[in-house]
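Undergrad: Here's a structure for you.
The values are calculated or read from the model by the stated rules, or taken from the named source; none is laboratory data. In this text, all values refer to a predicted model and were calculated from it rather than measured experimentally. Methodologically, a virtual Cβ is constructed for each residue, glycine included, from the backbone with ideal geometry; neighbour enumeration extends over all protein chains shown.
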Amino acid sequence: MTVESDAGAAVQTTCPYCGVGCGLKAERLAGGEVSVAPDPDHPANRGLICSKGAALAETLGLEGRLLYPEIRGRRASWEEALDVVANGFRRVIDACGPDSVAFYVSGQLLTEDYYVANKLMKGFIGSANIDTNSRLCMASAVAGYKRAFGTDTVPCDYTDLEQADLIVLVGSNLAWCHPVLYQRIVQAKSKNDNLRVVVIDPRRTATCDIADLFLQLRPGTDVILFNGLLNHLRRDDALDWEFLDAHIEGFGAALSVAKESAPSVLAVAVACGLDEDDVLELYRWFGRTPRVVTAFSQGVNQSTSGTDKVNAIVNVHLATGRIGRPGMGPFSLTGQPNAMGGREVGGLANQLAAHMDFAPANVDRLRRFWNAPRLATAPGLKAVDMFDGLDAGRIKAIWIMSTNPVVSMPDAERVRRALGRCELVVVSDCVRDTDTTACAHVLLPAATWGEKSGTVTNSERRISRQRRFLPEPAESRADWRIVTDVARRMGFGAQFEYRSSADVFREHARLSAFENDGTRAFDIGACAELTDAQYDALAPFQWPRRASDGAAKRNAPRTAEPATAGARPFADGRFYTPSGKAHLVATPPRAPAVRPSAEYPLVLNTGRIRDQWHTMTRTGRSARLMAHNPEPFVIVHPVDAARFGVTSGDLVEVRSDTGRVVVRADVGDSVGAGHVFVPIHWSARFASDARVGALIAPAADPVSGQPEFKHTPVSIRRYEPAWHGFALSREPLSIDGGAYLARARGQGYWRYELAGEQIPGSWPEWADALLGSREERVELIDSAGRYRGACVAGERLQACVFIARTKALPSRGWIAGLFAEETLSDASRLAILAGRPSKPALEAGPIVCSCFSVGRSTLLRAIRTQELVSADAIGKVLRAGTNCGSCVPELKALIAEAGGPDVR
Ligand code: SF4
């Protein structure tokens, strides 16, 4: 196994994006370039990949990286910066106590990073004020599993999706958010005619492409739907009474609530806004199919009743005994690459390390293991409460690691204000300029994917190595090392004597087995004595991996997994509760915390888009990925569009009680009437006003603390600026002011969408500020007041800008194509001034297939003229959809739009 590659040696590592945790092979090529390909040997993806993973090599440049420590904007040495951090935290703790400081960490961290951060805060600072952005992603799943099983243990594997005969996807746009799992299901469907897929979602997402049944339920009514299922299964005598008697507690109370809240199929249909026959179909399929997997993600978790939703789902699996065996179980799909690793080491404020909670015996055990007399004895502040504490001045020093809460937290503007008031804000990150680094007093440069080494755990409890294949650039360092350096300066050197990530991992493994004796499900004691070489060569494996599993595992070849590793949880019907029985939790339905009103009549849903990840700090660097959706947008149902006078392409202001965004309208019926959808990704780096977090009220689930991102009352109105425009430029432009700005990287240029509320006195003078000298500029203002200007250096187009009073502007695709001309022809120069191509050009349109840059217009033309009737047929003609396959649902939608059949 190569650990740090020289050119030409491929390194097996894992993708840094979603919770699927795909294995990748990364290789430094001669000349310094990097190639990234899917790993055919990794059990998570078996050679599959999605558009984001396939574009990873395009995101690795040093442009925009944070490369040196900084203190208040000036470059500093590591020694000085670490002293400022350690002394600053020490000073605040001495003056105000350990609960006056906090760490806000990230599911992007490796397990080893997470472990030492948690150890420093809970073990030695003596506060549990460490929480993670995974709180925003899957805390409800953790809380639901814990309530039901007595342990935060995901009971399923990805292979269960292939062995099931019914997959119920709840609040999960798998096709875009876990694309490789979606591809595995597509493959499984092609091999198993009995496999049916049900999609339950308020939005008609790309995942509906494989749905045999789609339930577009009213947001927030999931508990009623699953309570109704439990009640129906009881009426239909489809419960597993033997399993219930032997292994379950709480059935009577749960059923009683289910009967009361969902007395009939009709009542459920009415409450959920569904067709009665569709509800009955789901209930019958569930009742009559032994092998059922119910997979869920943020659509369930991100809710003020998220934990109850999880338990309502888990209840039907427990009551039918559909757990602990192949092809069945309630399956939480995590969003981030290492949300699960964070759970294992206590990255959540309400957990200790190694899946222990704050029970006195656990506190005592961990205190002894770490030799940490000051160990925190009670849970700390969860994310929303932590930033509340910051706002109220109770938190006086915070260290934010690898995350961007000024974009991603609810009430994001308040988060920004709160950071602005905080005495000491430390941010360790790999990116220099984020909305959050702008608030920092101290910036610490962190190594990033490809430069650091450690482990991550994916959604199926599989621990895989992330391996380093690039040097740490400039002065950047691994996060575990930065935390360790601060810990030493704070006087805890003896307990932080790590030389490598392997040292940290071994301690983590030892702790998992410490006084465990089968009482805790998370146990990787077999890894406690790994040598450095064995750690470097560690093959992906599922926990548990107990020491009693023996040396055979440690010496196994890389691709072999010992027979007992990852033994199926709950196969013996034993759970981690005091009685050994699982709990059915009574789940009375609760309405969302905030309801629409006359002022805010629509319900905002948020989520991810296919080609972006989080706040775009990485995926935003790839022109291919940006081409799919270069601007922030809102999807508005046609009924609401008519009601509020909005058409596609308009700028729209979306406003809530806490903030506003201005985004581009996309009118369509993927959302229901009364609902709108805005993606989560845009930050101030990419758009003037598109941080969706600014719209979200900080209401959280009372059990899990997970905020509600799926149900925010908002208003919309068409935003009418005095002018619209766009600019394309080979070099980044500095643009200040204006009412609207969205920037995106294109192939060889930057794209800026613009709008303003005041028409300048002179457009050429306005353009001076944007484009610089007029010497190389051609420009024109036509009789309608439209301005067009272009800079040509040598013979090449350098930059151009187009302004009009309306949104009717030249095609960006046509202009972008001119950047490829080595010598800009006279005809092209005239065409720019005319604002239209000299001869009709075949437009590619917005990119649908990122891998081969195939646009929507190209696809529609080919579908119509060549009578393409399947995604396969499109692939043969245009290659679209033949690499990662992420765009296949969109190809099929285009076939339908063009009026053709879809026979793939
Ligand atoms: Fe990465 Fe895509 Fe795999 Fe997720 S599905 S881990 S984003 S390659």
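Undergrad: Can you tell me which condition Arg643 does not meet? The list is (1) touching a residue at least 40 places away in the same chain (Cβ under 8 Å); (2) surrounded by fewer than 19 Cβ atoms within 10 Å (Cβ to Cβ); (3) out of contact with any Lys or Arg (no Cβ under 9 Å at 6 or more places or on another chain), and all the others hold.
TA: Condition (1) is where Arg643 drops out.
Undergrad: Right, next: Just for the stretch 604-631: of the residues that are among the basic types (Lys, Arg) and not in a helix (DSSP H, G or I), which one is nearest to Arg743 (Cα to Cα)? Please lay out each step first, then the result.
TA: Here is the first cut: in the stretch 604-631, the ones among the basic types (Lys, Arg) are 608, 610, 618, 621, 624.
Next cut, not in a helix (DSSP H, G or I) only: 608, 610, 618.
On the way: Arg608: 18, Arg610: 18, Arg618: 15 Å.
So, considering only residues that are among the basic types (Lys, Arg) and not in a helix (DSSP H, G or I), the one nearest to Arg743 (Cα to Cα) is Arg618.
Undergrad: Now for a different question. Quick one: which residue in Gly53, Gly31, Gly21 is at positive phi, within 11 Å of the ligand (Cβ to nearest atom) and either surrounded by 15 or more Cβ atoms within 10 Å (Cβ to Cβ) or not assigned by TED's automatic domain parsing to the domain that holds Gln612 (or both)?
TA: Numbers: Gly53 fails: at positive phi; Gly31 fails: within 11 Å of the ligand (Cβ to nearest atom).
Checking each option against the conditions leaves just Gly21.
Undergrad: Related question: Looking at the stretch 466-475, is at least one residue in a helix (DSSP H, G or I) and modelled with pLDDT of 95 or more?
TA: So the first thing to find is which residues in the stretch 466-475 are in a helix (DSSP H, G or I), and the list is none.
Within the stretch 466-475 (the criterion being in a helix (DSSP H, G or I) and modelled with pLDDT of 95 or more), the answer is no, since none of the residues qualifies.
Undergrad: Also: Restricted to the stretch 34-45, and to residues that are away from the ligand (no atom under 11 Å from the Cβ) and outside any strand (DSSP E or B), which residue is surrounded by the most Cβ atoms within 10 Å (Cβ to Cβ)?
TA: Among those that are away from the ligand (no atom under 11 Å from the Cβ) and outside any strand (DSSP E or B), it is Pro43.
Undergrad: In addition: State yes or no: is Ala128 more than 16 Å from the ligand (Cβ to nearest atom), crowded, with 24+ Cβ neighbours inside 10 Å, under 27 Å from Met340 (Cβ atoms) and in the same structural domain as Asp388 (by TED's automatic domain parsing)?
TA: Working: more than 16 Å from the ligand (Cβ to nearest atom): yes; crowded, with 24+ Cβ neighbours inside 10 Å: yes; under 27 Å from Met340 (Cβ atoms): yes; in the same structural domain as Asp388 (by TED's automatic domain parsing): yes.
Spelling it out, Ala128 is indeed more than 16 Å from the ligand (Cβ to nearest atom), crowded, with 24+ Cβ neighbours inside 10 Å, under 27 Å from Met340 (Cβ atoms) and in the same structural domain as Asp388 (by TED's automatic domain parsing).
Undergrad: Next question, about the same structure. Of everything in the stretch 195-224, what is part of a helix (DSSP H, G or I) and out of contact with any strand residue (DSSP E or B) (no Cβ under 7 Å at 6 or more places or on another chain)? Give them in sequence order.
TA: So in the stretch 195-224, the residues part of a helix (DSSP H, G or I) come out as 206-210, 222-224.
The answer is Ala206, Asp209, Val223, Ile224.
Undergrad: Here is a follow-up. Have a look at Ala295, Ala378, Ala353, Ala312 and point out the one that is among the small types (Gly, Ala, Ser), part of a loop (DSSP other than H, G, I, E, B) and buried (at least 20 other Cβ atoms within 10 Å of the Cβ).
TA: Numbers: Ala295 fails: part of a loop (DSSP other than H, G, I, E, B); Ala378 fails: buried (at least 20 other Cβ atoms within 10 Å of the Cβ); Ala312 fails: part of a loop (DSSP other than H, G, I, E, B).
Every option except Ala353 fails the conditions.
Undergrad: Just wondering, is there one or more residues in the stretch 387-402 that are under 28 Å from Ala528 (Cα atoms), crowded, with 20+ Cβ neighbours inside 10 Å and not aliphatic (A, V, I, L, M)?
TA: Yes: one or more hits.
Residues checked against (1) touching a His at 6+ places or on another chain (Cβ under 9 Å); (2) surrounded by fewer than 16 Cβ atoms within 10 Å (Cβ to Cβ):
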| position | (1), (2) |
| --- | --- |
| Arg836 | no, yes |
| Ala844 | no, no |
| Ile847 | yes, no |
| Ser850 | yes, no |
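Undergrad: Count, please, the residues in the stretch 383-411 that happen to be in a loop (DSSP other than H, G, I, E, B) and either touching a residue at least 40 places away in the same chain (Cβ under 8 Å) or within 16 Å of the chain's Cα centre (by Cα) (or both). Break it down stepwise before answering.
TA: Keep residues of the stretch 383-411 that are in a loop (DSSP other than H, G, I, E, B), which gives 392-396, 402-404, 409-411.
This time we only want the ones that are either touching a residue at least 40 places away in the same chain (Cβ under 8 Å) or within 16 Å of the chain's Cα centre (by Cα) (or both), so: 394-396, 402-404, 409-411.
Going through the stretch 383-411 one residue at a time, the tally reaches 9.
Undergrad: Tell me the residue from Ala521, Ala509, Ala526, Ala502 that is of a type outside the set (D, E, K, R), part of a helix (DSSP H, G or I) and farther than 24 Å from Pro16 by Cβ, please. First the steps, then the outcome.
TA: Values: Ala521 fails: part of a helix (DSSP H, G or I); Ala509 fails: farther than 24 Å from Pro16 by Cβ; Ala502 fails: farther than 24 Å from Pro16 by Cβ.
Answer to the check: Ala526.
Undergrad: Could you give me the residue pairs with C-beta distances under 7 Å whose first residue belongs to the stretch 75-95 and is in the same structural domain as Thr484 (by TED's automatic domain parsing), whose second residue is part of a helix (DSSP H, G or I) and aliphatic (A, V, I, L, M) wherever it lies, and which are 6+ apart or on separate chains?
TA: Listed pairs, sorted by first residue: Leu82/Val486; Val85/Val486; Ala86/Val486; Ala86/Met490; Phe89/Met490; Arg90/Met490; Ile93/Ile125.
Undergrad: When you look at Gly321, is it within 34 Å of the chain's Cα centre (by Cα) and either farther than 15 Å from Val198 by Cβ or in contact (Cβ under 8 Å) with a residue 60 or more places away in the chain (or both), yes or no? Break it down stepwise before answering.
TA: On the way: within 34 Å of the chain's Cα centre (by Cα): yes; either farther than 15 Å from Val198 by Cβ or in contact (Cβ under 8 Å) with a residue 60 or more places away in the chain (or both): yes.
It is true that Gly321 is within 34 Å of the chain's Cα centre (by Cα) and either farther than 15 Å from Val198 by Cβ or in contact (Cβ under 8 Å) with a residue 60 or more places away in the chain (or both).
Undergrad: In addition: Please identify the pairs in which a residue from the stretch 31-58 that is in contact (Cβ under 8 Å) with a residue 12 or more places away in the chain has its Cβ atom under 6 Å from the Cβ atom of a residue that is within 8 Å of the ligand (Cβ to nearest atom) and among the aromatic types (Phe, Trp, Tyr), counting only partners at least 6 apart or on another chain.
TA: As it stands, the answer is Lys52/Tyr17; Lys52/Trp613, since those pairs meet every condition given.
Undergrad: Here is a follow-up. Determine whether the stretch 180-194 contains at least one residue that is assigned to a strand (DSSP E or B) and away from the ligand (no atom under 16 Å from the Cβ).
TA: Residues of the stretch 180-194 that are assigned to a strand (DSSP E or B), as a first pass: none.
Looking for residues that are assigned to a strand (DSSP E or B) and away from the ligand (no atom under 16 Å from the Cβ), one finds none in the stretch 180-194, hence no.
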